[in-house]
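Just so you know, all these numbers are worked out from the coordinates, no wet-lab data involved. What you see is a predicted model; the values in this text were computed from it and never measured. Here the Cβ positions follow ideal geometry from the backbone for every residue, glycine too, while neighbour counts run over all protein chains shown.
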Amino acid sequence: MMNPWRTLNVKPQQCQRCQIGPLRIWVYRNTHEWMIAYDYQMGEKKIVEFGVVEEKPDSIAWSQYIAGDEDSVIQFRPVMPDRSVVVRPKNPTKVLQGLECVMYVFIPVSISITAGARAELSLCEIPSVLLSNTWFGDTMSGESCYSMRFPAELALFSSGVGPHRVICPVKIKNRSKEDLEIQRLCVRVEHLNIYKGKHCEWTNEVRVTYEGEDQGCEIKYTEKPPDYEETGELITKCQVPASKGLFHKTFSGLKSWPF
Amino acid sequence: MEWLEWFTIDKTMSAVRCILILTIGLPLLLILSRVVSKFVEKHYTPQSAMVVRQVLFYTGLLFLIIIELSQMGFKITALLGAAGVAGMAIGFAAQTSLSNLISGIFLIFEKPFEVGDAITVGDTTGTILSIDLLSVKLRQFDNKFVRIPNESLIKGQVTNITRFPIRRYDINVSVAYKEDIKRVMEVLQDIADKNPCCLDEPEPLVIFTGFGDSGLQILFAIWFLKTDFLKLRNSIMTEIKNRFDQEGIEIPFPHQSIYTGSATRPFPIQIVDNQIIDSRLPQPG
């Protein structure tokens, strides 16, 4: 599959189109400005396409960015969504006491578009998939998150994931004296780096140690690329470095919502 | 030069002391009330800080005035006695204001709402602009300014709409008796799933609530972030109507069946060429 994270050279009055998964982006270089438009295709697409289009489509909404005339270079880079994501395992999962497992969360990235050879002008960030809103916590306190319909898996697909998703491995260790039932998992994406892998992009590993209902769980965001696949360069650094020994509510779903 | 005789050493000293007390005392009082109010604001709310600042300032000012008067040679005990009588008279005359004042202090420390919250009091709904000692000022959504006396807020019911970060929007949907309830409920669930303002969790509720006069009653309750209220309200109603039209689900309007008696057939009426012809009457031709 073609690498979607690249630099484009767009001539004046030229329109180029790229598709990364279900997201299609049009970029047009006008005098003094960049113009960007996008739309979404239905379904889970595994397409990466770049090309020049003859005419700028008028049926979609365009945004204009005044950026001078000097550069004709634009860059695409994956960034994490601006809120935490909540994901459900494909099947209700129980981690028995004393055991551990790895869950793979396939997070759809946002595409950061910057202008200039050194990416000095940040134009916009476009989510590759429109995620729905959800709430993690009770009805009086909690946090607003994105909800992922794409489930977390206990194994990697042989066919791989779409180019717009990064794989976040979450290692869950149950050190309590009770079974841990996982119905939902909240991943704080602000602490995740994105690394280039051999077949797809990866984030740093999240290690969750569950100590019990009262003690909560300890979460550690590792600072190196995961070793599930041959991973290379760091593409995007995390927005907020995780503090050590972070205690957070990560699991949810054992209680029902009040009517 | 008779007026110069008034300036005896004692009187000059008292005048100097008065000026000193004012020039040092007043700025000190202002600084003290500000510092304490900043401290209170940091640990409590801006409203509590405002109350503390005002109470401190006016109490201090009263003390300053008493000291000044005593320096000028007034007899304070007689003055305080007169002030007590005057205070009682003023208290009787300003009962409502005092009641509002005390209610205001309760409101500030009880904190049922804060500046910026949207509240409903009786028929009035608006965003709180300020919580003062005598009244709460609201800006209604149509940009009207409303002043509500604190006493009525303490006595009556106040609903804080934006206290919690998420809210539930309840819609009573009615469908015709001929419709398949299960299918209607599935369609409503799908509408909630596809609307980005509807929260996935807490899950939307679709409950068959009863048999209405004109149709089957269903409660469709969806959760949303409080900031998305208008977006949700505008989109969800349109989506329900459009989707029901697409799926051929009938939304009934109130109607009544009229019979001529308990066991009779409905009135036999035909409409032909805009003329109403009663089939029981002899037909022309």
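Considering the range A:1-84, the qualifying strands (runs of 3 or more DSSP E), each wholly inside and each with 3 or more residues that are touching a residue at least 40 places away in the same chain (Cβ under 8 Å) and surrounded by 16 or more Cβ atoms within 10 Å (Cβ to Cβ), run over A:15-20, A:23-30, A:33-40, A:73-79. In the range B:215-238, the qualifying residues are those that are away from chain A (no Cβ under 14 Å) and touching a residue at least 24 places away in the same chain (Cβ under 8 Å), and the one that is nearest to the chain's Cα centre (by Cα) is B:ARG233.
Listed here are the residues, each with its yes/no results for (1) assigned to a loop (DSSP other than H, G, I, E, B); (2) away from chain B (no Cβ under 14 Å); (3) touching a residue at least 24 places away in the same chain (Cβ under 8 Å); (4) of a type in the set (A, V, I, L, M, F, W, C).
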| residue | (1), (2), (3), (4) |
| --- | --- |
| A:VAL129 | yes, no, yes, yes |
| A:THR134 | no, no, yes, no |
| A:GLU143 | no, no, yes, no |
| A:MET148 | no, no, yes, yes |
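Residue count for the range B:107-146 under the criterion of being exposed (fewer than 15 other Cβ atoms within 10 Å of the Cβ), among the β-branched types (Val, Ile, Thr) and over 9 Å from the mean Cα position of the chain (by Cα): the result is 1.
Might you let me know whether the range A:106-117 holds any residue that is farther than 30 Å from B:ARG167 by Cα and assigned to a loop (DSSP other than H, G, I, E, B)? So far as the range A:106-117 goes, yes, one or more of its residues are farther than 30 Å from B:ARG167 by Cα and assigned to a loop (DSSP other than H, G, I, E, B).
Among residues of the range A:168-187 being in contact with a Phe, Trp or Tyr (Cβ under 9 Å, 6 or more places away or on another chain) and either surrounded by 23 or more Cβ atoms within 10 Å (Cβ to Cβ) or polar (S, T, N, Q) (or both), the one that is nearest to A:GLU230 (Cα to Cα) is A:CYS168. Once the range B:147-183 is narrowed to residues that are within 14 Å of chain A (Cβ to nearest Cβ) and buried (at least 17 other Cβ atoms within 10 Å of the Cβ), the residue that is farthest from B:ALA118 (Cα to Cα) is B:TYR169.
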